[in-house]
Amino acid sequence: MRHPIVVGLQYGDEGKGKITDTLARQADYVIRFNGGNNAGHTLWLDGKKLVTHSVPSGVLSSHAINFIGAGCVLDPVAFAKELQDLVAAGVNLGPERLKIDFRTHLIFPLHRALDRAREGAAGAEGGSSIGTTLRGIGPTYSTKMDRIGVRAGDLLSPDVEVRIEKLVKHANFTLKGLSLPETSLSENLEVLHMARSLISKHVSTEFAPFYNEILTKKCVLEGAQGILLDLDHGSYPFVTSSNTLGAYAAVGTPFPLRGLGPVVGVSKAYLTRVGNGPMPSELNNETGERIRQNGGEFGATTGRARRTGWLNLDELRAAVQVSDVSTIVLTKSDVLCGEKQVSVLLDGQLRHFDGWSTLTEGTKLSPAFEAYVDFIEKTVGIPICAIGTGPDREDIYWRHKDYSFWPEH
Ligand code: IMP
């Protein structure tokens, strides 16, 4: 059996949480393979909004095991708060339902200080900052690459405090150079001690945790952010610091290559972006503002207003190809209901479509909306298997009902 990988096809915030949650209902494992609490996945439970950041989107399926893979980074403080919020919503995630790979790197206050410093310095030098989420994600991947990071599996090791001390020195070297307040050893050790009691019990020490599991258990691999924010293949340098491509699931879990199945790409019917970087179809006008308000386009993580624009089919096609996407889930088309005209960017030019007031008529798509969907399919060359019709868990129109997310071969 092969197992689906859900990825965003734009700049994050495409609504991946819903399709992951839908697949999770049939799955034994939901696995995150990249990023950290820079992500924000919004789930709706009985009309109640739940936002997860580090925890995979399988939380609403009481039987699914949620696995935070080796390619992720984890902030113990944010993680503690997230668990608390989930418990308050009635979702209990004991160590048997939530596992963290021992190779996952941990985020400390020093990483957040470095993120703030780098963003501030870029702005002060007259350059453009990236507009990061300031969650310390980039610096944590940097210390991983420098081979001085602290991993979840290190929490119980006797020399971990010495390692933190080294990390603090490393951070303060940079902070001092920029004349910024230093990070203290005690604030970082405090997080370490909290992490020991909170995280250690969730740590999975298996070297190849899914080598045999894939034969009998159904898995869903959940990517964070979007293809256009991929460190290598996105709009560099305005990207995140991990790989968001479906292929990265193999490394970032780790997951056996032979078990990787269809890449399910999620795209909004329009485009949003938070942070800096080019956006040729951006709408800096009333239409853009209307889409922002109707779509609730404010960051689930930082609350920042998202930039809005028309769907960019040049980018969508590139994202589909570079991540070898098999099918698309189109989300938030309902936000465009009532627009007289809807446009897309193709070959650098805007193309215009008649708007729609409703997505469906009986059991069919409304003709104007269907023309839009058909055009996207034809342009990017793969089918749109499902369409999100509203925020709730059940608001999905299946265009290809028999799509097999767990094919045998
Ligand atoms: P970082 O991941 O915090 O380093 O931020 C780098 C860029 O990725 C910034 O433009 C962020 O706004 C963007 N970004 C990171 N995570 C997400 C996400 O989950 N949704 C949307 N944008 C994101």
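The values are calculated or read from the model by the stated rules, or taken from the named source; none is laboratory data. The shown structure was predicted, so the numbers you read here are calculated from the model rather than taken from an experiment. Don't worry about glycine lacking a Cβ; one is built from the backbone with ideal geometry, like all the others, and counts go over all protein chains shown.
Numbers at a glance
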read-out	value
Residues within the stretch 101-142 that are surrounded by fewer than 23 Cβ atoms within 10 Å (Cβ to Cβ), among the polar types (S, T, N, Q) and in a helix (DSSP H, G or I), tallied	1
Only one of 114, 98 that is farther than 17 Å from residue 38 by Cβ and of a type outside the set (Asp, Glu)	98
Output for the stretch 297-328, where each listed residue is of a type outside the set (Phe, Trp, Tyr), away from the ligand (no atom under 14 Å from the Cβ) and not in a helix (DSSP H, G or I)	309, 311, 312, 323, 324, 325, 326, 327, 328
Residue that is modelled with the lowest pLDDT, among those in the stretch 251-263 that are in a strand (DSSP E or B) and touching a Lys or Arg at 6+ places or on another chain (Cβ under 9 Å)	261
Complete set of residues in the stretch 155-171 that are assigned to a helix (DSSP H, G or I) and in contact (Cβ under 8 Å) with a residue 12 or more places away in the chain	160, 161, 163, 164, 165, 166, 167, 168, 170, 171
Flag if residue 351 is modelled with pLDDT of 95 or more, farther than 23 Å from residue 231 by Cα, within 15 Å of the ligand (Cβ to nearest atom) and not in a loop (DSSP other than H, G, I, E, B)	no
Single unsatisfied condition, residue 46 versus (1) buried (at least 21 other Cβ atoms within 10 Å of the Cβ); (2) over 21 Å from residue 247 (Cα atoms)	(1)
Subset of the stretch 271-296 [of a type outside the set (Gly, Ala, Ser), within 15 Å of the ligand (Cβ to nearest atom) and touching a residue at least 60 places away in the same chain (Cβ under 8 Å)]	271, 272, 273, 274, 276
Any hit, the stretch 209-226, residues being surrounded by 20 or more Cβ atoms within 10 Å (Cβ to Cβ), within 16 Å of the ligand (Cβ to nearest atom) and over 26 Å from residue 83 (Cα atoms)	no
Subset of the stretch 53-87 [closer than 17 Å to residue 25 by Cα and within 16 Å of the ligand (Cβ to nearest atom)]	55, 56, 57
So residue 118, is it closer than 25 Å to residue 186 by Cα, more than 16 Å from the ligand (Cβ to nearest atom) and either at pLDDT 95 or above or not polar (S, T, N, Q) (or both)	no
Top-ranked residue of the stretch 176-227 - restricted to ones that are in a strand (DSSP E or B) and touching a helix residue (DSSP H, G or I) at 6+ places or on another chain (Cβ under 6 Å), ranked as nearest to residue 7 (Cα to Cα)	222
